Amino acid sequence: MKTRISILKDNQADVGIGTLIIFIAMILVAAVAAAVLIQTSGVLQQKAQQTGKEATAEVASNLKVTSLMGQTDGTHTYIQRLNITMELAAGGTAIDFSKVVIKYINETTSTTLNLQTDVTGAATDKLFNYSEERVGIGNPNFVLQSADLAVVTMDLSQMNQQLYPRKKGILQIIPETGTMVIKDVVAPPTFSDNDIVQLFP
C-alpha cells in the first residue's frame with residue numbers, strides 16, 4: 001500500500017511580505033513629502049514675516065507736511081525760498097533725513113536735493129537745510145522722531161527755479177523707507193507786500 005504525500009502550497013506569506021514592502025515605501029515617501037512641506041512652510045513663514053515688516057515700515061513711516069511757506073525776494077516779485085514744516089504721521093517710525101531725497105519740479109527743470117550736513121551752511125542748489133523747531137525725543141539732530149517738528153528749507157533762487165505768481169511746482173519728499181510725499185506748490189496771483197506767503201494749507 002503506497003502512502004500518498006500531499007504538499008500544501010501556501011503563497012499568503014509572499015503576498016504579506018510584498019504588502020509590507022509597499023507599506024514601508026509609502027511611509028518613507030510620506031516622510032520625505034512631510035519634510036519638504038515643513039521646510040517649504042518654514043521658508044514661506046520667514047518670507048511672510050519679512051514682507052510684513054517691510055509693509056509695516058511702508059505704511060508707518062509716512063511724513064506729514066503741516067505747512068508750506070514761501071519767502072519772497074526784496075521786491076516781492078517771486079518766491080526765493082521754501083520752508084516746509086513736517087512731522088511724523090501717527091504711528092510713524094523715526095526718519096533719518098541724511099537719507100532723504102527731495103525733488104523739486106517746475107515747468108522746465110527738475111532738481112534733486114540732499115541734506116546739508118554742515119549745520120552752519122546754507123541751502124544750495126543741491127542741498128536742503130534741516131532744523132527742528134520742536135524736539136520731542138532726545139536732542140536735535142538729523143533724525144525726525146515722534147513729537148518732533150522739523151523745518152526743511154530749500155533755496156529756489158540757488159536752484160534757478162524761482163516761483164512766480166500763478167506758477168506751479170511739484171515737491172517730492174522721498175524717505176529711505178515709507179511712502180513718498182507729493183505736494184503741489186501753487187503761487188497765489190499776487191504776493192502784495194508780504195515777505196512770507198502761505199502756500200499750504
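The values are calculated or read from the model by the stated rules, or taken from the named source; none is laboratory data. Treat the numbers as computed from the prediction; the structure is a model and nothing was measured. Heads up, the Cβs are rebuilt from the backbone with ideal geometry, glycines too, and the neighbour counts pull from every protein chain shown.
How many residues does the range 84-127 contain that are assigned to a loop (DSSP other than H, G, I, E, B), within 25 Å of Val197 (Cβ to Cβ), touching a strand residue (DSSP E or B) at 6+ places or on another chain (Cβ under 6 Å) and among the aliphatic types (A, V, I, L, M)?
The number of residues fulfilling the criteria is 1.
Please verify whether Ser131 is assigned to a loop (DSSP other than H, G, I, E, B) and within 24 Å of the chain's Cα centre (by Cα), treating the condition exactly as stated.
Answer is no for this residue.
Spot the failing condition for Ser192; the list is (1) loosely packed, with under 13 Cβ neighbours inside 10 Å; (2) closer than 19 Å to Met86 by Cβ; (3) of a type in the set (S, T, N, Q), and only one is missed.
Unmet condition: (2).
Table: residues versus (1) touching a Phe, Trp or Tyr at 6+ places or on another chain (Cβ under 6 Å); (2) surrounded by fewer than 16 Cβ atoms within 10 Å (Cβ to Cβ); (3) part of a strand (DSSP E or B).
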| residue | (1), (2), (3) |
| --- | --- |
| Gly136 | no, yes, no |
| Val152 | yes, no, yes |
| Ile173 | no, no, yes |
| Ile182 | no, yes, yes |
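Being modelled with pLDDT under 85, part of a helix (DSSP H, G or I) and surrounded by 13 or more Cβ atoms within 10 Å (Cβ to Cβ) narrows it down to one of Ala57, Ala13, so name that one.
Ala57
All but one of (1) outside any strand (DSSP E or B); (2) farther than 23 Å from Glu132 by Cβ hold for Gly169; which doesn't?
(1)
In the range 111-126, how many residues are closer than 17 Å to Phe142 by Cα, in contact (Cβ under 8 Å) with a residue 24 or more places away in the chain and surrounded by 14 or more Cβ atoms within 10 Å (Cβ to Cβ)?
Going through the range 111-126 one residue at a time, the tally reaches 3.
Would you check which residues across the range 145-158 are under 22 Å from the mean Cα position of the chain (by Cα) and either charged (D, E, K, R) or under 28 Å from Ala187 (Cα atoms) (or both) and list them?
Matches in the range 145-158: Asp148, Leu149, Ala150, Val151, Val152.
If you take the residues of the range 184-201 that are assigned to a strand (DSSP E or B) and within 21 Å of Thr108 (Cβ to Cβ), which of them is nearest to the chain's Cα centre (by Cα)?
Ranking the candidates gives Asp184 first.
Report yes if some residue within the range 177-192 is at pLDDT 90 or above, in contact with a Ser or Thr (Cβ under 9 Å, 6 or more places away or on another chain), within 17 Å of Val65 (Cβ to Cβ) and in the same structural domain as Ala94 (by TED's automatic domain parsing); otherwise report no.
Among the residues of the range 177-192, not one is at pLDDT 90 or above, in contact with a Ser or Thr (Cβ under 9 Å, 6 or more places away or on another chain), within 17 Å of Val65 (Cβ to Cβ) and in the same structural domain as Ala94 (by TED's automatic domain parsing), which makes the answer no.
Kindly list the number of the only condition in (1) at pLDDT 70 or above; (2) loosely packed, with under 10 Cβ neighbours inside 10 Å that fails for Ser98.
With (1) at pLDDT 70 or above; (2) loosely packed, with under 10 Cβ neighbours inside 10 Å applied to Ser98, the lone miss is (2).
Looking only at the range 70-108, count how many residues are within 26 Å of the chain's Cα centre (by Cα) and touching a residue at least 12 places away in the same chain (Cβ under 8 Å).
Qualifying residue count, the range 70-108: 24.
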